[in-house]
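Trainee: Sending over a structure as structure tokens; questions will come in a sec.
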Amino acid sequence: MALNQEGYKLRGSILLDIGNLTFLRLINLQNNSFYGEIPQEVGHLYRLQHLNLNNNTLEGEIPSSLSNCSNLRYINLIVNNLKGKIPAELGSLMKLETLRLSKNNLTRGIPPYFGNLSSLEYFFASFNNLVGTIPDAIGQLKGLILFAIAMNKLSSAIPSPLYNVSSLQFLSVTGNQLNGTLPLNIGLNLPNLQLLKVVANDFFGTIPTSLCNATQLQYIELGNNNFIGSVPTNLGNLLDLYRLELFSNYLGRDFHFVTSLTKCSKLQILDLDTNQFEGVLPNSISNLSTQLTGLYLGFNEIFGTLPASLENLLDLFVLTLYNNHFTGIIPTTFGKFQNMQLLGLSESGEIPASIGNLT
């Protein structure tokens, strides 16, 4: 039996009497305007498998009594005003496959007992105020597919056991205070990885060449950290690569890796802004994917002339070249970028009249 009232524009509190509906297997009240607390009485629903309260204005703490609902497979509490800690008692829900807690005001840390959630595949807790460290026990979740904890206040290094969960496809930890290096064998141990987002943390060290072994990678977002060294020249083996964001690091040396990236026919964003890349732009840069919409090269140490062949990248919406050491005249062919919305050329040379054709 189900209670499905999704998107009915309902308003009010969830009645305590809901605990009497012990026949319920599914509760879906998402996209309404329910407020107040989630009643502890929900814990009486011992047949409940699916609880979806997404996108309301619920307050208070997550009821620890949910741990009594031993058949729960899916909990979605995203986009509410829930506060307090994540109940450690939820670690007893052995059948739980999906736990969605993002966009609330949850505090404290991720309970170590979550390592007992042997069926857990999807864990969302982004956009909260979680603190502390990621428990080593998360590495016990051998079926974990998605681990998303972006925009919190978590610190220290990602525990090494998590990097050994070979089923992991999506790892998003952007906007925390995490540090450490990416393991040299990350691409070998996480062969199914499709998304790696660690933007705005304190990671350091080099970018592992083994990333190319995670052949399904589509998103590599490492910006605003302290990575150093060269960009691996084998990233072009990632034929499904869609975004490569490396901005605001200390990466540098040459552009040899760009030639490799010409094999990435799906690449749409290449962001190298604010690094230490130096030298002349290789001619191969104009052979990047015809689907490329954003090319960010500003605030580096690039010199020489701007290749007129960049006009081949006809779908560019954004091209930033400012604050480098280019010489000569900006090619008149840049006036052919009919989709251009942001063209950053300051300190890049004389601006030709044809740029006025960009409407």
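Trainee: Quick one: which of L222, L251, L244, L211 is touching a residue at least 12 places away in the same chain (Cβ under 8 Å) and over 21 Å from T320 (Cβ atoms)?
Mentor: Numbers: L222 fails: over 21 Å from T320 (Cβ atoms); L251 fails: over 21 Å from T320 (Cβ atoms); L244 fails: over 21 Å from T320 (Cβ atoms).
After ruling out the rest, the residue left standing is L211.
Trainee: Continuing with the same structure: When you go through E61, E41 one by one, which is the residue that is acidic (D, E), surrounded by fewer than 18 Cβ atoms within 10 Å (Cβ to Cβ), without any contact (Cβ under 8 Å) to a residue 60 or more places away in the chain and in a loop (DSSP other than H, G, I, E, B)?
Mentor: Answer to the check: E61.
Trainee: When you scan region 89-110, do you find a residue that is without any contact (Cβ under 8 Å) to a residue 60 or more places away in the chain, over 23 Å from the mean Cα position of the chain (by Cα) and within 20 Å of S13 (Cα to Cα), even just one?
Mentor: No, every residue in region 89-110 fails to be without any contact (Cβ under 8 Å) to a residue 60 or more places away in the chain, over 23 Å from the mean Cα position of the chain (by Cα) and within 20 Å of S13 (Cα to Cα).
Trainee: Taking region 317-341 on its own, how many of its residues are in contact with a Phe, Trp or Tyr (Cβ under 8 Å, 6 or more places away or on another chain), closer than 16 Å to L292 by Cβ and exposed (fewer than 14 other Cβ atoms within 10 Å of the Cβ)?
Mentor: 2
Trainee: Identify, from the list G91, G115, G132, the residue that is touching a strand residue (DSSP E or B) at 6+ places or on another chain (Cβ under 7 Å), assigned by TED's automatic domain parsing to the domain that holds P161 and surrounded by fewer than 22 Cβ atoms within 10 Å (Cβ to Cβ).
Mentor: Answer to the selection: G132.
Trainee: Specify which of the listed residues (N76, N55, N68, N80) is in contact with a Phe, Trp or Tyr (Cβ under 7 Å, 6 or more places away or on another chain), touching a residue at least 24 places away in the same chain (Cβ under 8 Å), buried (at least 17 other Cβ atoms within 10 Å of the Cβ) and under 17 Å from I27 (Cβ atoms). Outline the logic, then answer.
Mentor: Details: N76 fails: in contact with a Phe, Trp or Tyr (Cβ under 7 Å, 6 or more places away or on another chain); N55 fails: in contact with a Phe, Trp or Tyr (Cβ under 7 Å, 6 or more places away or on another chain); N80 fails: in contact with a Phe, Trp or Tyr (Cβ under 7 Å, 6 or more places away or on another chain).
Every option except N68 fails the conditions.
Trainee: Ok, one more. Within region 219-236, work out how many residues are buried (at least 18 other Cβ atoms within 10 Å of the Cβ) and either under 24 Å from D202 (Cα atoms) or among the polar types (S, T, N, Q) (or both).
Mentor: Looking only at that region, the number is 11.
Trainee: When only residues in region 2-14 that are on the phi > 0 side of the Ramachandran plot and in a loop (DSSP other than H, G, I, E, B) count, which is surrounded by the most Cβ atoms within 10 Å (Cβ to Cβ)?
Mentor: Residue satisfying both the conditions and the ranking: G7.
Trainee: Just give me the residues in region 64-85 being closer than 20 Å to L117 by Cβ, among the polar types (S, T, N, Q) and not in a helix (DSSP H, G or I), in sequence order. Talk me through it step by step, then tell me what you get.
Mentor: We begin by selecting, within region 64-85, every residue closer than 20 Å to L117 by Cβ; these are 64-78, 82, 84-85.
Then drop every residue that is not among the polar types (S, T, N, Q), which leaves 64-65, 67-68, 70-71, 76.
Selection gives S70, N71, N76.
Trainee: Looking at L196, L146, which one is touching an Asp or Glu at 6+ places or on another chain (Cβ under 8 Å), more than 28 Å from L82 (Cβ to Cβ) and surrounded by 16 or more Cβ atoms within 10 Å (Cβ to Cβ)?
Mentor: Working: L146 fails: more than 28 Å from L82 (Cβ to Cβ).
Criteria check complete, one pass: L196.
Trainee: Which of the strands (runs of 3 or more DSSP E) found entirely inside region 254-307 contain at least 3 residues meeting this: surrounded by fewer than 16 Cβ atoms within 10 Å (Cβ to Cβ)? I'd like the intermediate steps shown before the answer.
Mentor: Values: elements: 269-271, 276-280, 294-296, 301-304.
Counting at least 3 such residues, we get 276-280, 301-304.
Trainee: Which count do you get for residues in region 15-32 that are surrounded by fewer than 14 Cβ atoms within 10 Å (Cβ to Cβ) and within 29 Å of the chain's Cα centre (by Cα)?
Mentor: 0
Trainee: If only one of F247, F203 is in a loop (DSSP other than H, G, I, E, B), among the hydrophobic types (A, V, I, L, M, F, W, C) and closer than 22 Å to L178 by Cβ, which one is it? If you could, list the steps in order and put the result at the bottom.
Mentor: Numbers: F203 fails: in a loop (DSSP other than H, G, I, E, B).
From the options F247, F203, the qualifying one is F247.
The values are calculated or read from the model by the stated rules, or taken from the named source; none is laboratory data. What you are looking at is a predicted structure, and each value in this text was computed from that prediction instead of being measured. Quick reminder, even Gly has a Cβ in these numbers, built from the backbone with ideal geometry, and neighbours come from all protein chains shown.
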